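This report refers to the structure that appears directly beneath it.
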Amino acid sequence: VIDDLAEARQRDANDPCGQFRARFSLPEDVVYLDGNSLGALPVATKAVLDDAVARQWGRDLVTSWNRNGWMDVPQRIGDRIASLIGAKPGEVIVTDSVSINIFKLLTALIRLRPGRRTILSEAGNFPTDAYVASGVADMLGLNLRLAERDGVLAALDDDCVALLLTHVHYRTGARFDMAAVNAAAVERGIPVIWDLSHSVGAIPLNLHEMGSEYAVGCGYKYLNGGPGAPGFVYVAGSKQAVLRPALQGWMGHHAPFDFTDEFFPGQGMQRFRTGTPPILSMLALESGIAAFDGVDMAALWRKSVELFTYFATLMTKNCPEFRLVTPADPMQRGSHISFAHRDGWPINNALIARGVIGDYRHPDILRFGLSPLYTGFADVWRAVDALADIMRSGEWRRPEFSVQSAVT
Ligand SMILES: *Cc1c(COP(=O)(O)O)cnc(C)c1O
C-alpha cells in the first residue's frame, strides 16, 4: 500500500464538487481516467434518449421539427455552451464535427484576406487540425506552416492568413496563453481559431475577456455528449455578419424552407449549420452539458488542480521511473496529466486489465484525464496503486499486453 486510501476517501468526502459524481453512471469496479477522450455517461441521458426515441420520433414523427423544437436544438445547446466559455447567447452553434467546423471557419476567414498565403499552426498539433488545414491549403493554393510550439508567435507575419491552435495540447496537456497569442496575432491582423476540445468543460474560459473571436470545440470529451457527439463553432458577435462559410448547406440558409435556388446565409451563427442536425446525438449532448448545471467552474478547476497535485505527488513517490510531461504550473496546462515511459503501450493495457482506464498516445505517453465532475481522489489513489503494483510485479510484460489495437 503506497499511501493511505482512507485519506483519499476523506478528501472525497470533503470535496465540494464530490456531489456531482452522482450525476454519472460509472461502473463500480472501474477507475475512469479518460473523460478527456470519451466523457462518462450521465445518469439522465438514458431517459432523455428514451423520450427522444419513443415519444418525439416514435409518436410525434416529423411534426417534432416544430412540436418538439428540433430546428432550434443546435442554437439552444450552443447557448448553453456559450455560458461555459464566456461567450454570449447567439455566438455558439452546435453542428458537425470539430474537423468540419475547422474547415468551415478556416475557409470563411481565408476568403476575407485574399492577398495572404500562409496558414499557420503548430507542429504536433492534434492531427485532424493539421490535416484539415493542409487540405484547405492544397485546395486553395496556399501554404501550411507548422511552427514549433515556442516559435509560433515569432512565425506570425504579414503573409499569415489565419492561425489555428489547440488551446490545451492533447498529448502533453500544455496550455497556450490565449490572451497573449490573441494580442500578438490581432496586432498583425491575423485571426486566431482556437480548438477548445481539451479545454471546454475542464477549465474556466472567458473567450471575450481573452480577446478570442473564433473557436471550435468537441462535444464528447469533457462535455459528456456521448460517442461522436457533434462539436460546436464560436464566432464573436461582431465578426459573424461578414463570414461566408464555403460549405453552404440548406440548413445554413436564412430560410431553408423557401427552397430558393440561390443561397442566402442565415442570421448570425445559423450560417454555420450545414445539413440536418443529428437530433438524437444533439439531445444526448444537451444532457451531457446539463451535468454542469449549478456547477461553479472556478471550484471545479480548483479541484482539478488538487487532483493533479495529488497524482503527481503519488507518482514521484511510487513510480519514479515515469517522467511527468505536463507543465506543473496550473496556468500552463489543462485537466489531464501525462507521463512518458518507453513501455507506455503494454503498461496502459495492463492498467486497463485492472479496471484503470486511461489512454496511451504514441510514441510513449500515458495520459490520465481528470474530469473533476466525477473523478475523485480515491480514483487517483487506486490508479497509482495499480500502476506501482504492475511495475513492481512486471505484470505489464505479459505478451497479451503488447498486442496492437486499432484505437489507442
Ligand atoms: C478530440 C479532438 C478533435 C475531434 O475532432 P472530430 O472531428 O470531432 O473527431 C479535434 N481536435 C482536437 C484538438 C481534439 O482533441
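The values are calculated or read from the model by the stated rules, or taken from the named source; none is laboratory data. It should be emphasised that the depicted structure is a prediction, and the values quoted were computed from it without experimental measurement. Cβ: placed from backbone, ideal geometry, glycine included. Neighbour counts: every protein chain shown. In case anyone asks, the SASA skips ligands and DNA or RNA and just uses the protein heavy atoms, side chains included. Shrake-Rupley method; radii C 1.70, N 1.55, O 1.52, S 1.80 Å.
Given a 1.4 angstrom probe, I'd like the percentage of the accessible area of the chain that is carbon and sulfur, rounded to a whole number. Intermediate values should be presented prior to the final figure.
Working: 9380 of 17090 Å².
Carbon and sulfur together cover 55 percent of it.
Taking the chain as a Gaussian network, Cα atoms linked when under 10 Å apart, which of Phe257, Phe377, Phe308 shows the biggest mean-square fluctuation?
Maximum fluctuation in the GNM of the chain, among the listed residues, is at Phe257.
Below 8 Å between Cα atoms, with a sequence gap of 6+, how large is the relative contact order for the chain in percent?
Values: 780 pairs, mean separation 92.4, N = 408.
It comes to 23 percent, rounded to a whole number.
Would you mind checking the tilt of helix 127-140 against the longest principal axis of the Cα atoms of the chain, expressed as 0 to 90 degrees and rounded to 10?
30
Distance in nm between label sites at Thr316 and Gln332, each 7 Å beyond Cα in the beta-carbon direction?
About 1.5 nm separates the two model spin labels.
Report the residue, chosen from Leu283, Leu26, Leu38, that carries the largest GNM mean-square fluctuation when the chain is represented by alpha-carbon nodes joined by springs under 10 Å.
Leu26
At a temperature of 10 °C and a viscosity of 1.306 mPa s, determine how fast region 185-338 diffuses translationally according to Stokes-Einstein, using the Kirkwood radius over alpha-carbon pairs as Rh; express D in µm²/s, rounded to the nearest whole number. Don't jump to the answer; show the numbers that get you there.
Numbers: Rh = 18.4 Å.
The Stokes-Einstein estimate is 86 µm²/s.
With all distinct Cα pairs included, what does the Kirkwood hydrodynamic radius of the chain come out to in Å, to one decimal, could you say? Walk me through the numbers before you get to the answer.
Details: mean 1/r = 0.0449 Å⁻¹.
After inverting the pairwise mean of 1/r, the radius is 22.3 Å.
Which FRET efficiency value, to the nearest 0.05, is calculated for Glu209 and Arg111 with the Förster distance at 25 angstrom and r the Cβ-Cβ distance? Show your work: numbers first, answer last.
Numbers: r = 28 Å, r/R0 = 1.12.
E(calc), rounded to 0.05, equals 0.35.
Extension gain Ser238-Ala298, at 0.36 nm per residue separation less the Cα-Cα distance, in nm?
18.8 nm
Excluding residues fewer than 8 places away in the same chain, name every one of the aspartates and glutamates whose C-alpha is closer than 13 Å to that of Lys88.
By straight Cα distance, Lys88 reaches Asp79, Glu209, Glu213.
Give me the one-decimal nm value for the distance between modelled label points at Phe263 and Ala22, 7 Å along each residue's Cα-to-Cβ direction.
5.0
Can you list residues whose amide H is under 5 Å from Asn143's amide H, if they're 5+ apart or on another chain and H is modeled 1.01 Å from N?
Answer set, sorted by chain and number: Thr118, Ile119.
For a Förster distance of 25 Å, can you work out the FRET efficiency between the beta-carbons of Leu153 and Ser83, rounded to the nearest 0.05?
On the way: r = 30 Å, r/R0 = 1.22.
Plugging the Cβ-Cβ distance into 1/(1 + (r/R0)^6) gives 0.25.
Just flag the chymotrypsin sites (Phe, Trp or Tyr not before Pro) in region 259-303 sitting in loop per DSSP whose Cβ has no more than 10 other Cβ atoms within 10 Å.
Numbers: sites: Phe259, Phe263, Phe272, Phe292, Trp301; in loops: Phe259, Phe263, Phe292.
Passing both the DSSP loop test and the Cβ count: Phe259.
The chain: longest stretch without exposed trypsin sites (Lys or Arg not before Pro) (DSSP loop, at most 12 other Cβ within 10 Å), sites themselves excluded? Please report the intermediate quantities before stating the final value.
Working: sites that count: Arg188, Arg342.
In short, 1-187.
How much length would be gained if the chain were fully extended between Val62 and His362, taking 0.36 nm per residue of separation minus their Cα-Cα distance, in nm to one decimal?
Values: separation 300, 0.36 × 300 = 108.00 nm, distance 4.54 nm.
Difference between extended and current length: 103.5 nm.
Counting heavy atoms of the protein chains only and a 1.4 Å probe, report the per residue accessible area for region 112-174 as a whole number of Å².
Values: 2670 Å² over 63 residues.
The answer is 42 Å² per residue.
For a quick check, take a GNM of the chain with Cα springs below 10 Å and name the residue from Gly268, Gly294, Gly237 with the largest mean-square fluctuation.
Per the Cα network of the chain with a 10 Å cutoff, Gly294 tops the list.
Between Asp4 and Ala183, what is the label-to-label distance in nm when each label sits 7 Å out along the Cα-to-Cβ direction?
Between Asp4 and Ala183, the label points sit 4.6 nm apart.
How much length would be gained if the chain were fully extended between His254 and Asn14, taking 0.36 nm per residue of separation minus their Cα-Cα distance, in nm to one decimal?
Numbers: separation 240, 0.36 × 240 = 86.40 nm, distance 5.12 nm.
Residue separation times 0.36 nm, minus the Cα-Cα distance, leaves 81.3 nm.
Does anyone have the angle between helix 73-85 and the longest principal axis of the chain? Alpha-carbon axes, 0 to 90°, nearest 10?
It is inclined by approximately 60 degrees.
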